[in-house]
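Contents: one structure, followed by commentary.
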Amino acid sequence: MENSSEAVIQYHQRTKHQLNAYAKGPETLDWDDQPNPFRRFSGCETLALPLPGAQLACLFGDLDKPEQIASQPLTLTNLGLMLELSFGLSAWKQFGPDRWALRCNPSSGNLHPTEAYLLCTDPDLLQPGVYHYVSHDHALERRSRFHADATRPELYIGLSSIHWREAWKYGERAFRYCQHDIGHALAALSYAAAGLGWSIELLSESADADVAAWLGLDRNDDFVPTEHEAPDLFCRIRSDRQAVTGFDAGHLSQILQSAEWFGTAERLSGRHFYRWPIIDEVSAHAAKPASAAERLTLPGLDLPLPSHNIAASTLFRQRRSAQHFNGKSPDLPLADFQRMLSALLPNAKPPFTAWNWPAQVHPVIFVHRVAGLEPGLYLLPRDPQALTELKQAFSTDFIWQTVEMPFEFYRLTPGNVRQAAKTISCHQPIASDSAFSLGMLARFADQVEAEAWRYRRLFWECGMLGQILYLEAEVAGVRGTGIGCFFDDAVHGMLGLRDNAWQSLYHFTVGEPLDDGRLQSLPAYAHLSG
Ligand SMILES: Cc1cc2nc3c(=O)[nH]c(=O)nc-3n(C[C@H](O)[C@H](O)[C@H](O)COP(=O)(O)O)c2cc1C
């Protein structure tokens, strides 16, 4: 197909779940072929990071004003802590003979397609080279070494996706979930860095092809072809208060010309029974070319303190998805609801300090049980300028009643929306038994038509909002769950949307969790201290 934007929009259309048919996926799951969630490279040196488990000095609420957090020195210990709190293990769960790891970053189906790499040109920190983070071992694998100009010491972090991990279970729709996971990962990284007084600068001007070359992802012989990694994001870790200098991609490419590479990726699955070629196709169409550097200065908003303000590192490690909600819990206090929604607004705090673009995503909220708020369907415009267009696009039946809140907030329709929320979320009770659930409505057609790769960016933005909600739910003493399974056009139909100018790309739910007492919880890294 000639036009990449068209191809991407077709992929999107084709991977919608419909009320009468799910997007194409495997008919049966071959559990013996489940991809290994931990990538390792054989034939390269491994560098153990200092033992995980250290605490950050700050509370979660302190991250609202990241500029006030003292910058910690850039040492291997602190770097290890940042990696642990964003991508490291948070616990093991056991049910009968089955045991699986959870991580600080969530992932659709717990399949974890996201991989993280460091690129260091700072010889005082690490021998200049590219390092792959292995969350299971809390270790770095040295993929390359090169000579770097000691006058320009920098530390970069790159994120990539192994689409196969997600496609194994979810088939064609998996590409979307990989992008959600990247958004979650970027936000997790931004929060963890802020806890150390550091920040993440998203170098979004970089071309995917360059990122692939810098991280060694384009070294095809080092990977099983069906298990290759696609480049997603490339960031600079800023550990001090110095003025931001420009990023010189050419300089980095030049340094890497002298790189010596080590290791090959171990196979993740024994065989690949199902193949989903559409994923490689959409990935190629949605590749990002180099672009002009974009950075955003956002206002600082004064958020009310969270109601269970605890150590940020404790909170990152305790983040979990609720599998069930207590459908009869007391109402969620209004102050908690207000804080959660305020935290979604563009604001000079993580994760938006790692984001370079204006808000394109607006939550449509199914309020079930929030104190002092009538149940019904609501809209939180994250950019009030989008309001006129949203009003024009939505059903004329909506009442657009202004609700008094510390931000713009509209009631679209009052009433019990629990059944509707559950039905559109692939009939999952987590969308109706919670205090509220929501759909993330993205400005779609004109974004993807402008540049095909923005398709991914819209999902990243949604994933980032999901990560905010996960953490904000925990700090309010409740819990959240991402919802990737929803009936796309049923959502659009309910809102009265007639075309693809706006599309719902991700759903989320928050409420009082019901724990499954049959699951045993085990510490994250007992296997390292033994
Ligand atoms: C993009 C995304 C989509 C998800 N979709 C669903 C879903 O539709 N239903 C569900 O029960 N959980 C869903 N989850 C939750 C994951 O299953 C969960 O993150 C994973 O099992 C890891 O568990 P943890 O979040 O407790 O670490 C989703 C998570 C993400 C990040």
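The values are calculated or read from the model by the stated rules, or taken from the named source; none is laboratory data. Remember, predicted model here, so these are calculated numbers, not experimental data. When we count neighbours, we look across all protein chains shown, and the Cβ atoms used for this are built from the backbone with ideal geometry, even at glycine. All accessible areas refer to the heavy atoms of the entire protein, side chains included, with ligands and DNA or RNA removed. Shrake-Rupley method; radii C 1.70, N 1.55, O 1.52, S 1.80 Å.
Looking only at residues in segment 499-519 that are at pLDDT 95 or above and open to solvent by 30 Å² or more (accessible area, probe 1.4 Å), the one that is farthest from the ligand (Cβ to nearest atom) is Asp499. For segment 259-269, the criterion of being modelled with pLDDT under 95, more than 25 Å from the chain's Cα centre (by Cα) and either open to solvent by 40 Å² or more (accessible area, probe 1.4 Å) or aromatic (Phe, Trp, Tyr) (or both) is satisfied by no residue at all.
Is one or more of the residues making up segment 456-473 free of Cβ contacts under 8 Å to residues at least 60 places away in the same chain, over 17 Å from Asp181 (Cβ atoms) and either surrounded by 22 or more Cβ atoms within 10 Å (Cβ to Cβ) or within 13 Å of the ligand (Cβ to nearest atom) (or both)? No, the conditions are met nowhere in segment 456-473. Have a look at Asp433, Asp446 and point out the one that is farther than 24 Å from Lys169 by Cα, within 13 Å of the ligand (Cβ to nearest atom) and open to solvent by 10 Å² or more (accessible area, probe 1.4 Å). Going through Asp433, Asp446 in turn, the sole match is Asp433. Filtered by the rule that a residue be within 29 Å of Arg457 (Cβ to Cβ) and in a helix (DSSP H, G or I), segment 427-441 gives Ile430, Ala431.
Which members of segment 160-192 meet the condition of being near the ligand (Cβ under 10 Å from one of its atoms) and over 20 Å from Leu202 (Cβ atoms)? Correct list: Glu166, Tyr170, Arg176, Tyr177.
For the criterion of being surrounded by 20 or more Cβ atoms within 10 Å (Cβ to Cβ), of a type in the set (Ser, Thr, Tyr) and closer than 21 Å to Arg238 by Cβ, Ser86 passes.
Residue pairs whose Cβ atoms lie under 7 Å apart, sitting 6 or more positions apart in sequence or on different chains, and linking a residue in segment 258-278 that is in contact (Cβ under 8 Å) with a residue 60 or more places away in the chain to a partner that is among the small types (Gly, Ala, Ser) and open to solvent by 40 Å² or more (accessible area, probe 1.4 Å), are Phe262/Gly43; Gly263/Ser42; Gly263/Gly43; Thr264/Ser42; Thr264/Gly43; Glu266/Ser42.
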